[in-house]
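Input: a single structure, listed below in structure tokens.
The values are calculated or read from the model by the stated rules, or taken from the named source; none is laboratory data. What you see is a predicted model, and the numbers here were worked out from it, not measured in a lab. Neighbour counts run over all protein chains shown; Cβ positions are idealised from the backbone, glycine included.
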Amino acid sequence: MKITDPNSSDRTTTLSSLRAGLPFLWTSDMRGTPALANGFDKRLTAAAMARLQRFQPLVARLFPELASDGGRVRSELKQAPHMQKTMDVKQGKVWIKCDHALPVAGSVKARGGFHEVFEYAESIAAAAGISLHDRVEGLDAPEVRALFARHEIAVGSTGNLGLAIGTMAAALGFRAVVHMSSDAKEWKKARLRARGATVVEHSGDYADAVAAGRQQAQGQLNCHFVDDENSASLFAGYSTAGAELQEQLMTAGVVVDASHPLFVYIPCGVGGAPGGIAHGLADIFGPFVHCFFVEPVSSPCVLIDLATGRTDSVYDYGLDNRTEADGLAVPRASRFAMDSVRHLVAGACTVRDEDLLRDLYLLEQTEKIRVEPSAAAGFAAVRALCNSEQATSYLSRHGLTGHMQQATHVVWSTGGLLLPEADFRAYHDRGSALAAPCSMLVTSNHQAALAS
């Protein structure tokens with residue numbers, strides 16, 4: 001990436017590929033640059049971990065499905081040898097971080113979304129003179145729920161963040177309002193309404209829904225807007241996933257060091273959840289973790305920002321922001337998230353919808369894991385890292401070429417637990433029809449043609 005050189009041939013090739021809607025792997029040459037670090041305070045991660053732990057008894061009471069685990073919201077880490085063989089990835093081992101199965105919310109948004117609701121609940125209780133630092137179960141008392149009922153928690157979302165915020169806010173007794181974009185799935189709207197949340201539908205995209213929700217909240221008393229584009233509380237909640245993954249890798253006997261690099265592939269929308277996760281991982285694993293964000297070819301807003309240093313809209317590049325990966329259908333990246341992770345990100349990869357659906361099908365066939373389309377995005381990036389010219393340059397720059405056989409690849413699956421059977425079956429059948437091998441990357445010939 002050459003932000004300071006607008007005439008860079010690499011940058012021209014990248015943007016030409018993006019405009020053409022071609023799958024592309026971009027790698028950063030600014031990873032680890034101290035001058036770019038914005039100093040996101042790791043103490044916020046520690047505070048978020050403590051808060052989530054503090055709320056576990058209450059969560060276990062509110063959601064019986066979490067009682068057996070004491071109210072802890074966490075996902076499994078599973079090795080995926082059959083999917084790896086199907087992908088023909090011969091370097092290292094492929095694992096899946098199963099956030100698609102996070103209970104209650106069913107997506108990667110659970111940690112961040114729950115954390116912000118909890119933080120707001122504590123602030124309201126404290127302002128009313130109710131001290132619950134040691135016994136948050138008291139938040140379920142009738143008088144506290146009556147207090148919360150006078151307050152509203154609102155959010156703008158394509159679906160998964162809305163499910164996390166709306167579900168937990170309503171469970172605590174808040175008025176929960178979710179502003180949803182036109183591409184939000186009907187089943188997500190129906191589930192929110194069934195949980196007691198109010199769903200406000202908008203004809204525009206994700207950015208329009210967020211802007212409308214933000215504006216409406218500004219004119220109301222006792223209303224807290226969860227701002228997906230600018231929330232440090234969400235970001236801190238997401239970052240707690242780093243310690244969770246560290247614990248699981250240690251339990252599995254997986255070493256992460258200079259000779260055993262860790263590669264993590266995270267589907268990316270506006271950038272908050274992957275950005276928070278990347279921060280949490282970097283705080284623990286330092287230079288030995290390499291995070292790649294993955295976006296649809298029609299919605300590469302984060303890649304555009306990383307490659308240009310500007311928060312441009314995908315519409316400015318002639319892209320339509322339409323994708324089956326509804327959670328990733330975002331036209332413009334979060335400036336807050338980008339400023340927080342620009343020095344951490346190893347790269348970004350774009351993927352076509354047909355490849356998302358094919359990998360959704362292959363994952364179910366090989367590992368019996370069911371996800372929604374956006375959650376299958378990471379597999380394209382694994383292929384890209386192991387097989388592309390762009391990746392070869394990155395691996396060489398970082399002295400990784402000789403260590404790839406000892407690499408650990410973690411694909412972050414971000415949603416799918418709550419996906420209705422009929423919807424999954426429709427995606428599955430389309431993926432089955434696409435299962436014949438197809439190119440996952442722009443070839444060097446295509447790149448040469450685009451650059452010329």
Answer with yes or no whether V155 is surrounded by 24 or more Cβ atoms within 10 Å (Cβ to Cβ) and outside the structural domain of A194 (by TED's automatic domain parsing). no
Go through the stretch 67-85 and give me each residue that's out of contact with any strand residue (DSSP E or B) (no Cβ under 9 Å at 6 or more places or on another chain), surrounded by fewer than 18 Cβ atoms within 10 Å (Cβ to Cβ) and not basic (K, R). A67, S68, D69, G70, H82
Being out of contact with any His (no Cβ under 9 Å at 6 or more places or on another chain) and assigned to a loop (DSSP other than H, G, I, E, B) is the filter here, so list the residues in the stretch 257-281 that pass it. C268, G269, V270, G271
Return the total of residues in the stretch 189-228 being under 24 Å from L172 (Cα atoms) and either assigned to a loop (DSSP other than H, G, I, E, B) or of a type in the set (D, E, K, R) (or both). 14
Which of the following residues is surrounded by 24 or more Cβ atoms within 10 Å (Cβ to Cβ), within 23 Å of the chain's Cα centre (by Cα) and either more than 30 Å from K188 (Cβ to Cβ) or modelled with pLDDT under 95 (or both): A337, A381, A348, A375? A337
Being out of contact with any Pro (no Cβ under 9 Å at 6 or more places or on another chain) and acidic (D, E) is the filter here; which residues of the stretch 360-400 pass it? E364, E372, E389
The residue from G173, G196, G213, G166 that alone is more than 15 Å from K109 (Cβ to Cβ) and crowded, with 24+ Cβ neighbours inside 10 Å is G213
Within the group V330, V254, which residue is out of contact with any Asp or Glu (no Cβ under 6 Å at 6 or more places or on another chain), of a type in the set (A, V, I, L, M, F, W, C), at pLDDT below 95 and in a loop (DSSP other than H, G, I, E, B)? V330
Of the residues in the stretch 72-103 that are under 22 Å from the mean Cα position of the chain (by Cα) and part of a loop (DSSP other than H, G, I, E, B), the one that is farthest from V411 (Cα to Cα) is R72
Subset of the stretch 104-133 (residues that are free of Cβ contacts under 8 Å to residues at least 24 places away in the same chain and either outside any loop (DSSP other than H, G, I, E, B) or of a type outside the set (A, V, I, L, M, F, W, C) (or both)): S123, A125, A126, A127, G129, S131
